[in-house]
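The values are calculated or read from the model by the stated rules, or taken from the named source; none is laboratory data. Computed from a predicted model, the values in this text were never measured in an experiment. Backbone-built Cβ (ideal geometry, glycine too); neighbour counts: all protein chains shown.
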Amino acid sequence: MQSISWGAIYFLLLLADICLIALDIPEARYVSKPLLMIGLGCYCWAQAGGLPQRSRNLIFAALIFSWWGDVLLLFGEMFVEGLACFLIAHILYISFFLLVKPRPALTRKALAVMALVAVYTSGLVWFNAPQLGELKTPVILYAAVISIMLLSAILAFGLNGSQAGRLCVSGAVLFVFSDSLLAVEKFYMNIPGGSGLVMLTYGCAQWMIVEGATRHLRSEG
């Protein structure tokens, strides 16, 4: 099946999952949500034939751990385990970004954005800290790792690089935004339509990172 078909299937699955959230049919999401990363993995496989094995495998492994995270987060009592799976996925994305060569020179604008990322994630943790309880340590660790993931994407591609690089950086930004919404929803307050927005931004973030990564690898080959 052509990669464009797998891409269409992935976004249809994402739309279906968001609709199930809006219609408040949580039982059906035990089917729709686990299918998301399977669809994206198939899309990545169709795109990644002949690409450098080490980099390609890091992306596939990140999707596998993201799949585990999606499944575990369907069960409220498995939140820490799901968080751990996504933490590993981010470490794998970081490892991919660290392999990107050559790296652009760091501009003042990029340094300012990186400082803003650090301030933002620190502020978000501080904002939610009173509600974290025994989850404070794993949440702080996760916030640090996802921040490093975004910073490593900026280090790898800069802010004004190729289209592939812009996709990766934008996807990393969207991932941080999605997890920020999730944190506020879980620990502070309900946001109208928040759960659907979390899935929309998460699904788009994953696709953008995968699409950007495979485009970059193809351009190198």
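Values as computed for the structure displayed
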| read-out | value |
| --- | --- |
| Of all residues making up segment 188-214, the number that are outside any helix (DSSP H, G or I) and either touching a Gly at 6+ places or on another chain (Cβ under 9 Å) or among the hydroxyl-bearing types (Ser, Thr, Tyr) (or both) | 1 |
| Candidates Ala105, Ala28, Ala110, Ala89, filtered to the one that is over 19 Å from the mean Cα position of the chain (by Cα) and crowded, with 18+ Cβ neighbours inside 10 Å | Ala110 |
| Residue match in segment 90-112 (condition: of a type in the set (S, T, N, Q) and either touching a strand residue (DSSP E or B) at 6+ places or on another chain (Cβ under 8 Å) or not in a helix (DSSP H, G or I) (or both)) | yes |
| Members of segment 45-57 that are surrounded by fewer than 21 Cβ atoms within 10 Å (Cβ to Cβ) and either at pLDDT 85 or above or closer than 19 Å to Trp6 by Cα (or both) | Trp45, Ala46, Gly49, Gly50, Leu51, Arg54, Ser55, Arg56, Asn57 |
| Looking only at segment 162-198, and only at residues there that are among the hydroxyl-bearing types (Ser, Thr, Tyr) and farther than 17 Å from Asp17 by Cα, the one that is farthest from the chain's Cα centre (by Cα) | Tyr188 |
| Residue among Leu72, Leu14, Leu20 that alone is surrounded by 14 or more Cβ atoms within 10 Å (Cβ to Cβ), over 29 Å from Leu155 (Cα atoms), touching a residue at least 60 places away in the same chain (Cβ under 8 Å) and of a type in the set (A, V, I, L, M, F, W, C) | Leu14 |
